[in-house]
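Okay, structure first, notes after.
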2 protein chains.
Amino acid sequence: MLTDRQLFLLQLLVNDYVVSAEPVGSRSIAKHDDVNFSPATIRNELADLEEMGYLEKTHLSSGRVPSEKGYRFYVDHLLSPVLLSDDEMGNIRYAYQKKFSETEELIRVTAQVLSEFTNYTAIMLGPELLEMKLKHIQLVKLNETQGVLIIVTDTGHVENRVVSFPESIKADDIEKIVNILNDKLKMVPLYQLQSRLNVEIASVLRAHVRDYERVMTLLKDSLTINDPEQIFYSGKSNMLSQPEFQDVDKIISLLNVLEGKEIVRELMSMPAKGLHIRIGRENKLNGIEDCSLITTTYSVGSEHLGTVAVIGPKRMAYPRVVTLIDMVSKLLTENLNKQE
Amino acid sequence: MLTDRQLFLLQLLVNDYVVSAEPVGSRSIAKHDDVNFSPATIRNELADLEEMGYLEKTHLSSGRVPSEKGYRFYVDHLLSPVLLSDDEMGNIRYAYQKKFSETEELIRVTAQVLSEFTNYTAIMLGPELLEMKLKHIQLVKLNETQGVLIIVTDTGHVENRVVSFPESIKADDIEKIVNILNDKLKMVPLYQLQSRLNVEIASVLRAHVRDYERVMTLLKDSLTINDPEQIFYSGKSNMLSQPEFQDVDKIISLLNVLEGKEIVRELMSMPAKGLHIRIGRENKLNGIEDCSLITTTYSVGSEHLGTVAVIGPKRMAYPRVVTLIDMVSKLLTENLNKQE
DNA sequence: ATTAGCACTCGGTTAGATCGAGTGCTAACA
DNA sequence: TGTTAGCACTCGATCTAACCGAGTGCTAAT
């Protein structure tokens with residue numbers, strides 16, 4: 001068990017290290033006003049904390065740096081939430097004043113606010129498209145052989161795709177088909193579209209429509225949801241000014257990870273609800289061993305959850321980020337649900 | 001005027017420099033099989049080329065590097081288009097085999113192909129949204145007070161936004177309004193929507209609809225096109241492995257430029273049609289003085305043009321990029337217009 | 001007109017030398 | 001017994017000087 005003084009020193013050290021990014025020595029800790037024991041005493045305590053695995057040295061005679069265990073302990077037991085200045089609060093609220101024309105824009109702005117105020121990178125995941133339910137489907141003809149198929153979900157998300165129909169399909173058939181789809185597929189979750197198509201729709205179509213075969217393949221293609229992930233980034237380059245990424249190779253591999261698909265999987269693997277922090281190697285994903293991930297969720301309607309995430313160096317300003325991410329996820333949820 | 005031998009040497013030197021990224025010396029030029037004069041002769045010629053401004057030295061006793069004038073001459077007079085291997089051709093065509101559900105996806109894939117095969121960064125600009133004409137407008141109700149307004153253009157582009165209507169507006173009014181809009185605004189370019197709204201629509205609405213004031217502000221908001229630029233990137237991090245960007249500061253400023261809005265303006269300032277190359281300082285945009293920009297256009301329908309661009313270091317494999325960008329812009333146009 | 005030879009330039013690399021921030025340990029102290 | 005001053009030691013970071021090699025321009029010979 002840690003003594004009070006050890007807790008105190010651990011907290012001080014992490015706080016110092018977070019701002020300086022340099023190993024912290026006993027002397028610099030002793031400089032704090034509220035520390036009234038000598039560097040030598042501090043050295044003894046730090047040596048103990050190191051032995052217990054909360055601290056590390058970068059080389060034999062360097063100052064101390066928090067280990068992952070140290071960060072973990074810090075976020076679990078020593079994290080005191082921080083208040084934002086009125087100024088900052090005002091600026092954040094201000095960003096949400098304007099009218100958002102598309103939902104996407106609202107999410108994008110949230111990402112931007114988050115990355116700007118944390119100075120790290122923000123990642124937003126839209127709610128699972130496949131879980132959404134079909135609200136309405138519609139075909140707008142562009143010309144004789146092409147049209148745009150529009151799929152609206154219960155959350156207000158809109159998918160669209162250009163389709164071209166062979167001449168063998170007549171105009172009145174098309175209308176009939178769209179009506180059938182709307183009738184049979186209303187409130188069906190998108191992931192079920194294909195199977196419903198094969199089962200219920202197929203038989204109805206066969207009875208009512210000419211050139212059944214082609215219509216079916218056309219529908220099958222059109223009702224496939226190709227890329228079920230909506231992902232938004234902001235502030236990717238913020239990471240580059242962090243001192244831990246002054247090495248070009250690290251930059252490249254980090255950016256590659258950020259731009260890759262695996263990061264999505266990593267984010268999806270976070271526990272479903274509430275705020276979570278994963279530090280360094282706690283992330284399964286290779287390439288972000290030196291980063292921490294803080295995530296929480298926002299909601300669209302009553303059931304659909306999206307993810308808000310901040311990725312920064314392990315040496316992250318945890319209290320501030322926790323406060324901010326919590327705040328914007330609430331603002332986002334609010335705005336999404338009483339959008340006017 | 002340049003002698004044949006000088007032309008030949010300039011071409012050789014640029015080609016060498018493009019692959020090596022190191023100042024080229026007389027000895028290494030002399031090593032080429034088809035060069036049958038000595039380093040000393042080459043030195044004399046290079047000194048002349050330098051005096052004429054086509055070449056530069058990085059320091060007093062270094063090899064030569066093409067100047068911007070040198071590159072300009074090279075692309076204008078010495079650029080011999082390069083053939084792609086069957087293998088590569090196959091791979092590119094293969095990328096266009098799959099079904100594209102949304103137009104966006106097609107553009108995104110094109111960007112990806114381009115960045116992967118050039119190893120530089122690809123930027124795509126969608127056709128000017130504001131130039132598109134309204135094809136159809138529709139409101140899908142989500143619940144009692146909210147709906148999704150969907151705007152389809154003649155090119156098949158779909159804009160959508162969530163709107164919430166006050167209770168004072170009745171359901172049959174809404175239907176009436178949408179009908180009026182479709183009637184009066186069909187084939188009106190999007191940039192005219194606002195003015196048409198104020199002139200023609202206003203009077204009709206005032207006559208037919210309750211709570212005219214609120215409806216008008218609602219419509220005004222909904223029919224604003226907020227962010228008229230569609231922009232897609234691919235391969236931003238490709239630039240980082242270029243030897244000219246081994247410096248972290250350069251990386252940061254380059255990425256900031258790429259992520260900023262000004263790059264769009266720079267791209268829009270390129271001549272309207274055909275293939276164009278801007279080298280280094282020929283770009284007005286600060287921060288890409290060491291880069292070259294190659295652009296061309298693609299078309300959607302008969303009139304709408306989008307931009308395909310590749311940005312790379314001045315020391316770019318011009319022949320290869322020219323071939324590739326030309327090829328993908330054609331493939332993109334093809335696929336957009338006979339999309340099936 | 002071309003080329004071999006040579007003195008010279010200059011960036012990049014290597015090897016010490018030096019500095020300073022930090023430690024652990026020991027011994028003295030409250 | 002817990003705290004602290006003192007000291008020898010470690011090690012990264014910075015600076016300097018030496019050196020190497022790729023390259024040039026110029027001169028003189030072919």
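Give me Rg/Rg_expected for segment B:130-222, where Rg uses Cα atoms only and Rg_expected = 2.2 N^0.38 Å with N residues.
My calculation over the Cα atoms of segment B:130-222 gives 1.02.
Where does each of B:MET268, A:MET89 land when they are ordered by accessible area, with a 1.4 Å probe and the largest first?
Most to least solvent-accessible, the answer reads B:MET268, A:MET89.
Give me, ordered by chain and number, the residues 5 or more places off B:LYS135 or on other chains with an amide H under 5 Å from its own placed amide H.
Amide H neighbours of B:LYS135, under 5 Å, 5+ apart: B:VAL152, B:THR153, B:ASP154, B:MET187.
Report Rg (one decimal) and Dmax (nearest whole number) for segment B:179-232, counting Cα atoms only, units Å.
In Å, with Rg to one decimal and Dmax whole: 12.4, 44.
Specify which residue in the list B:MET124, B:VAL113, B:SER80 is farthest towards the positive end of the charge dipole of segment B:41-130, using unit charges on the beta carbon of Lys, Arg (+1) and Asp, Glu (-1), about the Cα centre.
Sorting the options by dipole projection puts first B:VAL113.
Nm distances between the label at A:MET1 and the same-position labels in the remaining copies, 7 Å along Cα→Cβ, shortest first?
Here the equivalent label points are 9.7 nm apart from this one.
Say the cut-off is 28 Å between C-alpha atoms; which of A:LYS99/B:LYS133; A:LYS170/B:LYS135; A:LYS141/A:LYS184; A:LYS31/A:LYS57; A:LYS261/B:LYS220; A:LYS330/B:LYS141 go over it?
A:LYS261/B:LYS220
If you place +1 on the Cβ of every Lys and Arg, -1 on the Cβ of every Asp and Glu, and leave all else neutral, what size is the dipole of the protein assembly as shown about its Cα centre, to the nearest 20 Debye?
The calculation lands at about 800 debye.
If you split all Cα-Cα distances of segment A:123-172 into 5 Å bins from zero, what percentages do you get per bin, shortest first?
Spelled out per bin, shortest first, that is 5, 19, 22, 17, 13, 12, 7, 3, 1, 0.
Would you work out the charge dipole size for segment A:130-222 about its Cα centre, treating the Cβ of every Lys and Arg as +1 and the Cβ of every Asp and Glu as -1, and quote it to the nearest 20 debye?
Values: 13 positive and 13 negative charges, 34 e Å.
That gives segment A:130-222 a dipole magnitude of about 160 debye.
Averaged per residue, what accessible surface does segment A:1-42 expose to a 1.4 Å probe, in Å²?
56 Å²
Just to check I understand the Karplus step: with θ = phi - 60° and J = 6.51 cos²θ - 1.76 cosθ + 1.60, what whole-Hz values come out for segment B:226-242, glycine and proline as x?
With the stated coefficients, segment B:226-242 comes to 6, 10, x, 10, 9, 9, 10, 10, 8, x, 3, 7, 4, 4, 5, 8, 5 Hz.
Keeping all protein chains in position, work out how much accessible area B:HIS32 exposes to a 1.4 Å probe, and write it in Å² to the nearest 10.
Approximately 60 Å² for this residue.
So if the hydrodynamic radius of segment B:251-333 is defined as the Kirkwood radius over C-alpha pairs, what does Stokes-Einstein give as its diffusion coefficient at 10 °C and 1.306 mPa s, in µm² per second?
Value of D from the Cα-based Kirkwood radius: 120 µm²/s.
Compute the long axis of helix B:39-51 from its Cα atoms, compare it with the longest principal axis of the Cα atoms of chain B, and write down the angle in degrees, 0 to 90, nearest 10.
Orientation of helix B:39-51: about 50 degrees from the principal axis.
Using the C-alpha atoms of segment B:202-309, what convex hull volume per residue, in cubic angstrom, is computed?
Details: hull volume 17.9 nm³, N = 108.
Given the Cα convex hull of segment B:202-309, per-residue volume reads 165 Å³.
Top to bottom by accessible area (1.4 Å), largest first, where do B:GLU102, B:GLU51, A:GLU229 land?
So the residues, ranked largest to smallest area, are B:GLU51, A:GLU229, B:GLU102.
So how tilted is helix B:86-95 from the main axis of chain B? Cα-based, degrees 0 to 90, rounded to 10.
20 degrees
Taking a label point 7 Å from Cα toward Cβ, how far is A:ASP87 from its twins in the other copies, in nm, shortest first?
Relative to the other copies, A:ASP87 has label-point distances of 5.9 nm.
Over all distinct Cα pairs, what is the inverse of the mean 1/r for the protein assembly as shown, reported as the Kirkwood hydrodynamic radius in Å?
So the Kirkwood estimate lands at 29.1 Å.
Amide H to amide H under 5 Å from A:MET270: which residues, 5+ apart in sequence or cross-chain, H placed 1.01 Å off N in plane?
Sorted by chain and number, the residues that satisfy this come to none at all.
Post the alpha-carbon centroid distance, segment B:186-255 to segment A:7-30, in whole angstrom.
48 Å
Taking the alpha-carbon centroid of each part, what is the distance from segment A:150-175 to segment B:290-340 in angstrom?
30 Å
Given the protein chains as shown and a 1.4 Å probe, how many square angstrom of A:PHE165 are accessible, to the nearest 10?
20 Å²
Are there residues in segment B:128-163 whose accessible area shrinks by at least 50 Å² when all protein chains are included rather than the chain by itself, and which are they (probe 1.4 Å, ligands and nucleic acids not counted)?
Buried by the other chains: B:LYS135, B:VAL140, B:LEU142, B:VAL158, B:ASN160, B:VAL162.
Please compute, over every Cα-Cα pair in segment B:22-120, the percentage with a separation greater than 18 angstrom.
Of the Cα pairs, 65 percent sit more than 18 Å apart.
Using θ = phi - 60° and the Karplus form 6.51 cos²θ - 1.76 cosθ + 1.60, what ³J(HN,Hα) does each residue of segment A:19-27 get, whole Hz, x for Gly and Pro?
Those phi angles translate into 7, 8, 6, 10, x, 9, x, 4, 4 Hz.
Can you list the distances in nanometres, one decimal and ascending, from the B:ARG206 label point to the identical position in each other copy, with the point 7 Å along Cα to Cβ?
For B:ARG206, the inter-copy label distances come out at 6.0 nm.
In whole Hz, what ³J(HN,Hα) sequence does segment B:249-266 give by Karplus (6.51, -1.76, 1.60; θ = phi - 60°), x for Gly and Pro?
Per residue, the Karplus-derived 3J(HN,Hα) values read 4, 4, 4, 4, 5, 5, 4, 5, 5, 4, 8, x, 7, 5, 4, 5, 4, 4 Hz.
Mind checking segment A:9-80 for chymotrypsin sites (Phe, Trp or Tyr not before Pro) that DSSP puts in a loop (not H, G, I, E or B) and that have at most 14 other Cβ atoms within 10 Å?
Listed in order of number, the matching sites are A:PHE37.
Let me see the pair-distance distribution of chain B: every alpha carbon pair, 20 Å bin width, integer percents in order.
For chain B, the pair-distance distribution reads 26, 42, 23, 8, 1.
Where does the protein assembly as shown land at 222 nm, in deg cm²/dmol rounded to the nearest 500, when only DSSP H runs of n ≥ 4 count, each adding -39500 (n - 2.57), divided by all residues?
-12500 deg cm²/dmol
Just want to confirm a number: the relative contact order over segment A:130-222, from Cα pairs under 8 angstrom separated by 6+ residues, in percent.
Across segment A:130-222, relative contact order equals 29 percent.
So what's the projected area for segment A:4-78, the Cα convex hull averaged over all directions, in nm²?
The number I arrive at for segment A:4-78 is 4.6 nm².
If amide hydrogens are placed 1.01 Å from N in the peptide plane, which non-local residues have theirs closer than 5 Å to the one on B:ARG64?
For B:ARG64, the qualifying residues are B:VAL24, B:GLY25.
How big is the B-A contact in terms of buried accessible area, both chains counted, 1.4 Å probe, rounded to the nearest 100 Å²?
The summed interface area works out to 3500 Å².
Which residue fluctuates the most in chain B, going by a Gaussian network model with Cα springs under 10 Å, if the choices are B:LEU79, B:LEU12, B:LEU60?
In this elastic network of chain B, the residue with the biggest mean-square fluctuation among B:LEU79, B:LEU12, B:LEU60 is B:LEU60.
Between helix A:171-185 and chain A, what is the angle of the helix's C-alpha long axis to the longest principal axis, kept within 0 to 90° and rounded to the nearest 10?
Rounded to the nearest ten degrees, it is 50.
The values are calculated or read from the model by the stated rules, or taken from the named source; none is laboratory data. Not measured: the values here are computed from a predicted model. Please note: Cβ atoms are built from the backbone with ideal geometry, for glycine as well, and neighbour counts cover all protein chains shown. Areas reflect the complete protein model, heavy atoms only, side chains present, ligands, DNA and RNA absent. Shrake-Rupley method; radii C 1.70, N 1.55, O 1.52, S 1.80 Å.
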